[in-house]
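Participant: First the structure, which I've put down as structure tokens, then a few questions once you've had a look.
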Amino acid sequence: MLNRLQSSISSLLDARIKGHSLPAGLYTREDVFHADLDVFFANQWIYVGLECDVPEAGDAVVIDVGTTSLILLRDDDDEIRVVRNVCRHRGARLLDAGPTVVSKLVCSYHQWTYELSGELSYAPHMGKDFDKSCRSLKAVNFKSIGGLIYVCLAENAPPDIERLKEIMEERLAPYDIRNAKVAHQVDVIEKGNWKLTIENNRECYHCSANHPELCVSFVDLDFGYDPESLSPEDRDEAEAHVAMYSERIKSWEADGFPSSAIEQVKNCNTNFRTQRLIIAGAGESQTEDATAASSRFLGQVTRSDLGDIHLWGHNSWNHFMGDHAVTAIVIPLSADATLVRTKWLVHKDAVEGVDYDLGKLTHVWVETTNQDAELVARAHAGVQDSAYEPGVYSKFSEGALDDFASWYVDRMRAHGY
Ligand code: FES
Ligand code: FE
């Protein structure tokens, strides 16, 4: 036990076996947690919010990531800005966590006052010679990708975010997520390490036994199966499914809706995968009966048969459907606690009770998120136990986890661990 606690992060990375989950300490240790915040949340592009979180000038929302606090706001010229939530006088926090509306950013400590552009406009008791022009709030490097706000706190931001931008701007254009409305938001704190949260999201091996609501709209065969265990009839069905998929993707793309699977998961900084997935059953949306929850579709979408554009990154997962979108942000809170912030988006003019029923809109992912929180807590409890040893991934259903674990180790190495 003593050796395990004293081993360096580097030796934990050395101990990772391809095809297996990570050594326990990489999920549980405080020093690894702080290294993760640095490598994966301060030096990578992370998804933190949406343009439509701040639809009007003066809307602001504070997002905390570790000891860093960010203000996402819309300024008086309707431009999106992201600034550090640290007063340039003696560093006090300007705004508390969560959403608010402001005309200026006023520090409650000594009333230094900033315009929504971040410029310092008022600093009492500082004398005539005091130069306010070099005391603006620190701006944060950000990109809006189809209305999703990604930030990077590093001086040298990884340039390979551009591939994500190129692909998703086109893919999301018809949905006009920039001008959508956040119909609902739920924060769940999972009692587990953030990497267990992400691993859990990257497989659906657990879906049929744990997500009865989600499975109405998910196509089981999409998430891997063991071909050797299939009966001849099931094998025929699986082959027919693969053929049907490639037909649907061809047909969507012929109609101008990019759909093919694209991933950047190896030898990269920005880690993502996207594909347009078929929705099972009624085929329209991730609801209890797979029919649309909102009669007012997103953006310029008019068709109900556009499936689900899924997009995952190293701190998010998303589903964009014709009638609504579900988007989740993952922020580590400690080695054993992770915030999962889920938002449901609808057309900006969709009216609750008229165009959509909030219960129908949110039911599937409220249940799924709670079920996943329970699974992640179970996984974390187990990896803390001295009986845990890295487990073998299913080559049919957990290949994406193996890729994620390998990417994790590679990125840690690239940062000198
Ligand atoms: Fe903000 Fe003094 S710390 S005004
Ligand atoms: Fe799940």
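Participant: How many residues are within 19 Å of the chain's Cα centre (by Cα) and part of a strand (DSSP E or B) if we restrict to the range 118-165?
Facilitator: Selection size over the range 118-165: 10.
Participant: Might you let me know whether the range 110-118 holds any residue that is acidic (Asp, Glu) and either under 30 Å from residue 177 (Cβ atoms) or surrounded by 14 or more Cβ atoms within 10 Å (Cβ to Cβ) (or both)?
Facilitator: Of the residues in the range 110-118, the ones acidic (Asp, Glu) are 115.
Subsequent filtering for residues that are either under 30 Å from residue 177 (Cβ atoms) or surrounded by 14 or more Cβ atoms within 10 Å (Cβ to Cβ) (or both) retains 115.
Yes, that holds for at least one residue.
Participant: Could you tell me whether any residue of the range 352-362 is touching a His at 6+ places or on another chain (Cβ under 8 Å) and either closer than 21 Å to residue 193 by Cα or aliphatic (A, V, I, L, M) (or both)? Even if it seems obvious, please write down each step before you answer.
Facilitator: Of all residues in the range 352-362, those touching a His at 6+ places or on another chain (Cβ under 8 Å) come to 355-356, 358, 361-362.
Now narrow it down to the ones that are either closer than 21 Å to residue 193 by Cα or aliphatic (A, V, I, L, M) (or both): 358, 361.
The answer is yes, given that some residue of the range 352-362 is touching a His at 6+ places or on another chain (Cβ under 8 Å) and either closer than 21 Å to residue 193 by Cα or aliphatic (A, V, I, L, M) (or both).
Participant: Hey, another quick one. Within the range 255-295, track down each residue that is among the charged types (D, E, K, R) and more than 20 Å from the chain's Cα centre (by Cα). Spell out how you get there, then give the answer.
Facilitator: Let us first name the residues in the range 255-295 that are among the charged types (D, E, K, R), namely 255, 263, 266, 273, 276, 284, 288-289.
Selection gives 255, 284, 288, 289.
Participant: Please verify whether the range 119-133 includes one or more residues that are of a type in the set (Asp, Glu) and either away from ligand 1 (no atom under 16 Å from the Cβ) or loosely packed, with under 13 Cβ neighbours inside 10 Å (or both). So that I can check it myself, show each step before the final result.
Facilitator: Step one: of the range 119-133, the residues of a type in the set (Asp, Glu) are 119, 129, 131.
Pick out the ones that are also either away from ligand 1 (no atom under 16 Å from the Cβ) or loosely packed, with under 13 Cβ neighbours inside 10 Å (or both) and you get 129, 131.
The answer is yes; a qualifying residue exists.
Participant: Hey, could you check the range 211-252 for residues that are polar (S, T, N, Q) and more than 28 Å from residue 372 (Cα to Cα) and say which is modelled with the lowest pLDDT? Explain how you work it out, then say what you get.
Facilitator: Narrowing the range 211-252 to residues polar (S, T, N, Q): 217, 229, 231, 246, 251.
When the remaining residues are screened for being more than 28 Å from residue 372 (Cα to Cα), the result is 231, 246, 251.
Details: 231: 86, 246: 90, 251: 95.
Going through the qualifying residues, I end up with 231.
Participant: So in the range 204-215, with the set limited to residues that are more than 8 Å from ligand 2 (Cβ to nearest atom) and touching a helix residue (DSSP H, G or I) at 6+ places or on another chain (Cβ under 9 Å), which one is nearest to residue 263 (Cα to Cα)? Give the steps one after another, and end with the answer.
Facilitator: Initially, the range 204-215 is screened for residues more than 8 Å from ligand 2 (Cβ to nearest atom), giving 205, 208-209, 212-213, 215.
Cutting the leftovers down to touching a helix residue (DSSP H, G or I) at 6+ places or on another chain (Cβ under 9 Å) gives us 205, 208, 212-213, 215.
On the way: 205: 20, 208: 25, 212: 28, 213: 27, 215: 24 Å.
Out of the qualifying residues, it is 205.
Participant: Then there is this: So in the range 74-105, with the set limited to residues that are closer than 16 Å to residue 121 by Cβ and open to solvent by 30 Å² or more (accessible area, probe 1.4 Å), which one is nearest to ligand 1 (Cβ to nearest atom)?
Facilitator: The initial filter retains those residues of the range 74-105 that are closer than 16 Å to residue 121 by Cβ, namely 75-77, 81, 83, 87-89, 94, 102-105.
With open to solvent by 30 Å² or more (accessible area, probe 1.4 Å) added as a condition, the list becomes 76-77, 81, 88-89, 103-104.
Working: 76: 22, 77: 25, 81: 19, 88: 8, 89: 3, 103: 17, 104: 13 Å.
Among those residues, the one meeting the criterion is 89.
Participant: Here's a follow-up. Which one of these does residue 207 not meet: (1) open to solvent by 80 Å² or more (accessible area, probe 1.4 Å); (2) closer than 30 Å to residue 393 by Cα?
Facilitator: Among (1) open to solvent by 80 Å² or more (accessible area, probe 1.4 Å); (2) closer than 30 Å to residue 393 by Cα, residue 207 violates only (1).
Participant: Can you run down the residue pairs with Cβ atoms below 9 Å, 6 or more apart or on separate chains, where the first is in the range 85-98 and closer than 15 Å to residue 135 by Cα and at pLDDT 95 or above and the partner is of a type in the set (Phe, Trp, Tyr) and outside any loop (DSSP other than H, G, I, E, B)?
Facilitator: As it stands, the answer is 87/114; 88/114; 94/114, since those pairs meet every condition given.
Participant: Step by step: first the residues of the range 216-238, then only those that are open to solvent by less than 60 Å² (accessible area, probe 1.4 Å) and free of Cβ contacts under 8 Å to residues at least 60 places away in the same chain, then the one that is nearest to ligand 2 (Cβ to nearest atom). Which residue is that?
Facilitator: 222
The values are calculated or read from the model by the stated rules, or taken from the named source; none is laboratory data. On a predicted model such as this, the values are computed, not experimentally measured, just so you know. FYI the Cβ positions are ideal-geometry reconstructions off the backbone, even for glycines, and counts take in every protein chain you see. All accessible areas refer to the heavy atoms of the entire protein, side chains included, with ligands and DNA or RNA removed. Shrake-Rupley method; radii C 1.70, N 1.55, O 1.52, S 1.80 Å.
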